[in-house]
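The values are calculated or read from the model by the stated rules, or taken from the named source; none is laboratory data. In this text, all values refer to a predicted model and were calculated from it rather than measured experimentally. Positions of Cβ are backbone-derived with ideal geometry, glycine not excepted, and every protein chain shown enters the neighbour counts. Each accessible area value is taken on the protein alone, full model and side chains, heavy atoms only, with ligands, DNA and RNA left out. Shrake-Rupley method; radii C 1.70, N 1.55, O 1.52, S 1.80 Å.
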Amino acid sequence: MKLVKYMRNWSLSVLTASCMLSSCDYLDVVPPEQPNLPDATSTYERTLGFLYSCYNGIKSVDPNFNGYLHEFNSSTDEYTLPYRWSSDGIWDDYAWNTVTANNQNWIWGTTYQFIGQCLLFLQEVEKMDQTLIPAGELDVWKAEAKFLIAYYHFITLRSYGPIPITDSYIAMDTPASDYNGRYHFDYCVDWIANQLDEAAAVLPAYREKTDEWGRATSVIAKSIKARLMLYAASPLWNGEFPYPSWKNTNFETPGYGLDLVSSTYDSGKWDKALTACKEALELAEGAGQRELYDDNTYYTTQQLSLPYVPELSDMQYDASIDAEAIADRTAFLETIMKLRYLVTTRENEGNHEIIWGNWNKDNSGLYATLPHRILKLNNGTWWNGYSGVSPTLNSVQNFYTENGLPITMDEEFYDESEWFQPSAYTRAHTNDAGESVTLRVANLHLNREPRFYAWIGFDGGDYTSRLHDGEPLKLEMRNPEAHGFSEGFNRDNSATGYLSQKFLSPKIEFNKSGTGDWGNSYPAIQIRLAELYLNLAECYAAKGDVENTLKYLNPIRKRAGIPELTNANITEDMSLTEWVRRERSIELWGEGHRFFDVRRWVEGPKYFGAGVRKGLNAGVKSPTWEQFYTPTELPHPFVWTNRMYLNPVFYNEVYKNPQMVQAPEY
Ligand code: GAL
């Protein structure tokens with residue numbers, strides 16, 4: 001197996017990266033010398049810099065919430081972006097089926113470039129003066145490169161399906177007839193899993209030194225393996241791939257011939273996934289020192305008040321009679337704060353849930369989330385967000401009720417005919433435009449679960465704790481003088497009438513003097529412990545093991561402040577697997593999983609098809625209550641066709657490599 005491309009610019013990137021870590025003394029040489037490859041491993045620091053350069057691809061191939069124009073985030077049914085933003089990025093192409101072999105997010109180009117970088121690192125460290133690196137340390141560095149090679153293959157596989165495996169570095173003059181084609185999907189999975197196991201055997205489970213956080217650990221490697229094996233056991237790759245006749249033309253995978261994807265169900269894939277998911281969870285909670293974040297009091301150390309929840313906060317209680325009800329209310333509101341901090345704090349703030357964080361985070365992603373007209377400054381101008389990240393009505397309806405049930409299945413919840421009616425709860429408010437208004441919420445937004453109040457912003461509700469000059473921002477999603485639709489906001493209007501407040505530090509605060517504090521700084525989440533619970537629960541559900549499914553699902557529900565599921569909840573109306581999938585879609589909302597989850601479940605038409613995604617009627621200026629609260633199809637031409645299960649490869653890959661076959665229907 002061979003590496004044949006993407007290697008041309010190695011010297012520049014290696015030396016740039018190593019110079020970021022140490023002073024660039026090669027520039028001081030007079031007359032200047034050309035850096036050459038051995039320089040990259042000539043000192044301890046340079047070698048470490050070379051290793052760091054191998055990590056550099058992650059931020060572009062595995063973005064998180066701040067990459068709001070990225071298809072993984074914004075082409076799903078979790079949220080959408082304003083229709084007019086379709087000229088930005090190509091998120092829309094992935095939702096509208098307009099991706100082509102020469103117009104797409106070419107992740108493959110980046111992953112193979114960095115696979116090459118890792119292979120080059122492994123090759124060069126063999127030749128270097130081994131006494132430069134303390135005994136044992138170099139073995140870990142090599143295991144990191146091995147992990148990254150496996151990781152970049154996984155990232156390629158999850159978007160492109162069967163892919164070439166590149167496990168050695170070879171000369172650039174290799175004839176095209178020797179290029180690798182795609183290997184059978186199951187072969188790729190086994191190969192990647194094996195690499196991850198080998199890396200994990202050498203990597204530390206936990207990194208004590210804070211400057212090493214973000215670097216590979218055995219827990220990260222086993223967690224990626226768990227995700228890989230879960231994907232591989234899922235319907236798309238376990239008998240339901242919609243193009244059973246798609247094959248290679250001349251490139252053979254050992255043991256598989258020209259086949260690329262198996263078209264028969266294999267229950268053994270679930271056994272392997274279960275073993276991998278269990279191993280990852282046990283390691284994470286053992287030597288990895290991970291635990292579900294469950295700090296109900298962190299908000300108090302941050303001097304924050306409890307949030308407003310309509311009805312619950314409006315109720316008048318008599319402490320002498322209703323002590324229990326008051327305690328329940330406090331616990332509910334504290335859970336909301338905890339869930340906000342779950343995704344916005346880090347290790348040294350007591351959050352031991354994050355398994356892998358990514359510092360690729362900038363505030364422009366948060367501007368896309370924040371509403372328009374956050375605050376009128378003393379100088380009369382407005383501090384504005386872009387009102388872009390627009391949770392769909394589908395997502396809003398998907399969150400559970402406070403009883404931990406779907407809104408359609410909870411007998412205590414409103415009948416569908418009442419969802420969009422105004423509730424009895426009102427608040428008087430004077431907004432920054434100087435208007436006296438009455439805030440009111442719809443029934444749909446009452447009696448919902450804490451994750452809904454933690455992460456979603458809705459008309460008449462509060463948004464974060466201190467954003468508006470030390471107070472929560474009061475959302476007026478119908479008012480063009482506040483956060484509602486206005487032509488004056490040009491392209492920046494919420495497409496659905498909802499906003500996200502997930503990933504906003506509860507402490508975020510803008511002041512009338514024009515100063516801002518973005519609150520706690522924290523890495524974007526790539527893997528957190530809750531995923532490992534949900535992965536394992538999904539494996540047990542696939543095997544029909546109710547007891548163990550509930551065993552791993554219920555800790556997530558308990559932490560979210562909703563009742564645990566029992567056998568009685570598993571009915572014809574909602575199967576065990578449906579409960580697991582729904583919990584996953586709620587818990588991991590907006591965290592980059594949905595794009596792949598819906599695909600691997602072969603549920604593209606159900607969730608991503610034409611006419612499925614809805615919002616409130618948010619494109620009308622100053623709508624009446626009835627106008628606004630009318631479920632409305634979005635103007636975006638969402639569509640699903642089965643070819644969208646895979647990304648096409650760049651046309652040149654097929655053109656220059658006689659072994660390469662294009663994905664079906666591209
Ligand atoms: C910027 C624009 C913002 C917002 C953003 C969305 O160019 O200034 O108002 O629309 O694009 O990506």
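Restricting Trp108, Trp96 to those that are among the aromatic types (Phe, Trp, Tyr), open to solvent by 10 Å² or more (accessible area, probe 1.4 Å) and modelled with pLDDT of 95 or more reduces the list to Trp96.
When you go through Leu258, Leu281 one by one, which is the residue that is modelled with pLDDT of 95 or more, under 26 Å from the mean Cα position of the chain (by Cα) and not small (Gly, Ala, Ser)? Talk me through it step by step, then tell me what you get.
Numbers: Leu258 fails: under 26 Å from the mean Cα position of the chain (by Cα).
None of the other options fit; the residue is Leu281.
Of the strands (runs of 3 or more DSSP E) lying entirely inside the stretch 354-451, those carrying at least 3 residues that are open to solvent by 10 Å² or more (accessible area, probe 1.4 Å), at pLDDT 95 or above and of a type in the set (Ser, Thr, Tyr) are 422-430.
Would a scan of the stretch 302-318 turn up a residue that is free of Cβ contacts under 8 Å to residues at least 60 places away in the same chain and within 30 Å of Ile355 (Cα to Cα)? Steps first, answer last, please.
Quick first cut of the stretch 302-318, residues free of Cβ contacts under 8 Å to residues at least 60 places away in the same chain only: 303, 306, 312-313, 315-318.
Subset that is within 30 Å of Ile355 (Cα to Cα): 303, 306.
Looking for residues that are free of Cβ contacts under 8 Å to residues at least 60 places away in the same chain and within 30 Å of Ile355 (Cα to Cα), one finds at least one in the stretch 302-318, hence yes.
Just one of (1) over 24 Å from the mean Cα position of the chain (by Cα); (2) under 24 Å from Cys277 (Cβ atoms) fails for Asp178. It is (2).
In this structure, does Ala495 turn out to be in contact with a strand residue (DSSP E or B) (Cβ under 6 Å, 6 or more places away or on another chain), open to solvent by less than 40 Å² (accessible area, probe 1.4 Å) and outside any strand (DSSP E or B)? The answer is yes for Ala495. Of all residues in the stretch 258-279, those that are in contact (Cβ under 8 Å) with a residue 12 or more places away in the chain and either in a loop (DSSP other than H, G, I, E, B) or in contact with a strand residue (DSSP E or B) (Cβ under 9 Å, 6 or more places away or on another chain) (or both) total 8.
Give the residues of the stretch 514-551 that are open to solvent by less than 30 Å² (accessible area, probe 1.4 Å), assigned to a helix (DSSP H, G or I) and more than 17 Å from His593 (Cα to Cα), sorted by residue number. Please lay out each step first, then the result.
Narrowing the stretch 514-551 to residues open to solvent by less than 30 Å² (accessible area, probe 1.4 Å): 519-520, 522-541, 549-550.
So of that shortlist, the ones also assigned to a helix (DSSP H, G or I) come out as 529-541, 549-550.
Within the stretch 514-551, Tyr540, Ala541, Thr549, Leu550 meet the criteria.
Taking the condition buried (at least 23 other Cβ atoms within 10 Å of the Cβ) and under 17 Å from Lys225 (Cβ atoms), does Phe147 pass? Show your work before the answer.
Numbers: buried (at least 23 other Cβ atoms within 10 Å of the Cβ): yes; under 17 Å from Lys225 (Cβ atoms): yes.
Here the answer is yes, as Phe147 does meet what is asked.
List every residue pair whose Cβ atoms lie under 9 Å apart, where the two residues are 6 or more positions apart in sequence or sit on different chains, the first residue falls within the stretch 194-214 and is over 16 Å from Met229 (Cα atoms), and the second residue, located anywhere, is assigned to a loop (DSSP other than H, G, I, E, B) and of a type in the set (Ser, Thr, Tyr). Cβ pairs passing all conditions: Leu203/Thr217; Pro204/Thr217; Ala205/Thr217; Tyr206/Thr217; Arg207/Thr217.
Out of the residues in the stretch 230-270 meeting the condition of being open to solvent by less than 20 Å² (accessible area, probe 1.4 Å) and among the aliphatic types (A, V, I, L, M), tell me which one is farthest from Asn535 (Cα to Cα). My answer is Leu260.
Taking the stretch 75-112 as the range and being β-branched (Val, Ile, Thr), within 16 Å of the ligand (Cβ to nearest atom) and without any contact (Cβ under 8 Å) to a residue 40 or more places away in the chain as the test, only Ile90 passes.
Taken over the stretch 552-568, the criterion of being part of a helix (DSSP H, G or I) and within 26 Å of the chain's Cα centre (by Cα) is satisfied by Tyr552, Leu553, Asn554, Pro555, Ile556, Arg557, Lys558, Arg559.
Please state which one of Tyr522, Tyr498 is modelled with pLDDT under 95 and either touching a Ser or Thr at 6+ places or on another chain (Cβ under 7 Å) or among the small types (Gly, Ala, Ser) (or both). Step through it out loud before you land on a result.
Details: Tyr498 fails: modelled with pLDDT under 95.
Testing whether each residue is modelled with pLDDT under 95 and either touching a Ser or Thr at 6+ places or on another chain (Cβ under 7 Å) or among the small types (Gly, Ala, Ser) (or both) leaves just Tyr522.
Among the conditions (1) crowded, with 22+ Cβ neighbours inside 10 Å; (2) part of a helix (DSSP H, G or I), Val309 misses just one, which is (2). Those helices (runs of 4 or more DSSP H) of the stretch 576-666 in which 2 or more residues are buried (at least 21 other Cβ atoms within 10 Å of the Cβ) and modelled with pLDDT under 95 are absent.
Step by step: first the residues of the stretch 205-229, then only those that are within 21 Å of Trp191 (Cβ to Cβ) and either open to solvent by 70 Å² or more (accessible area, probe 1.4 Å) or polar (S, T, N, Q) (or both), then the one that is farthest from the chain's Cα centre (by Cα). Which residue is that? It comes out as Ser218. Filtering Asn490, Asn511 for residues that are within 16 Å of the ligand (Cβ to nearest atom) and over 28 Å from the mean Cα position of the chain (by Cα) leaves a single hit, Asn490. Whether any residue in the stretch 16-28 is more than 16 Å from the ligand (Cβ to nearest atom), modelled with pLDDT under 90 and open to solvent by less than 10 Å² (accessible area, probe 1.4 Å) is what I want to check. Yes, the stretch 16-28 contains at least one residue that is more than 16 Å from the ligand (Cβ to nearest atom), modelled with pLDDT under 90 and open to solvent by less than 10 Å² (accessible area, probe 1.4 Å). Kindly list the number of the only condition in (1) touching a residue at least 40 places away in the same chain (Cβ under 8 Å); (2) open to solvent by less than 60 Å² (accessible area, probe 1.4 Å); (3) in contact with an Asp or Glu (Cβ under 9 Å, 6 or more places away or on another chain) that fails for Glu291. Unmet for Glu291, out of (1) touching a residue at least 40 places away in the same chain (Cβ under 8 Å); (2) open to solvent by less than 60 Å² (accessible area, probe 1.4 Å); (3) in contact with an Asp or Glu (Cβ under 9 Å, 6 or more places away or on another chain): (2). With respect to the conditions (1) away from the ligand (no atom under 16 Å from the Cβ); (2) surrounded by fewer than 23 Cβ atoms within 10 Å (Cβ to Cβ), Cys118 falls short on a single one, namely (2). Among all positions in the stretch 364-382, there is at least one residue which is within 13 Å of the ligand (Cβ to nearest atom), among the polar types (S, T, N, Q) and under 18 Å from the mean Cα position of the chain (by Cα).
Please specify each residue of the stretch 181-193 satisfying the condition of being without any contact (Cβ under 8 Å) to a residue 12 or more places away in the chain and not in a helix (DSSP H, G or I).
Filtering the stretch 181-193 down to residues without any contact (Cβ under 8 Å) to a residue 12 or more places away in the chain leaves 190.
If the condition is that a residue be without any contact (Cβ under 8 Å) to a residue 12 or more places away in the chain and not in a helix (DSSP H, G or I), then no residue fits.
Looking only at the stretch 471-492, residues that are open to solvent by 30 Å² or more (accessible area, probe 1.4 Å), in a helix (DSSP H, G or I) and not small (Gly, Ala, Ser) come to 1 in all. Pairs meeting the criteria (first residue in the stretch 145-157 and closer than 18 Å to Gly181 by Cβ, second residue of a type outside the set (Lys, Arg) and open to solvent by less than 10 Å² (accessible area, probe 1.4 Å), beta carbons under 6 Å, at least 6 apart or on different chains) are His153/Ile192; Thr156/Trp108; Thr156/Thr111; Thr156/Ile163; Leu157/Ile163; Leu157/Cys188.
Of all residue pairs spaced 6 or more apart or on separate chains, those with beta-carbon atoms under 9 Å, a first member in the stretch 62-73 that is modelled with pLDDT of 85 or more and a second member that is of a type in the set (Lys, Arg) are Phe72/Arg594; Asn73/Arg594.
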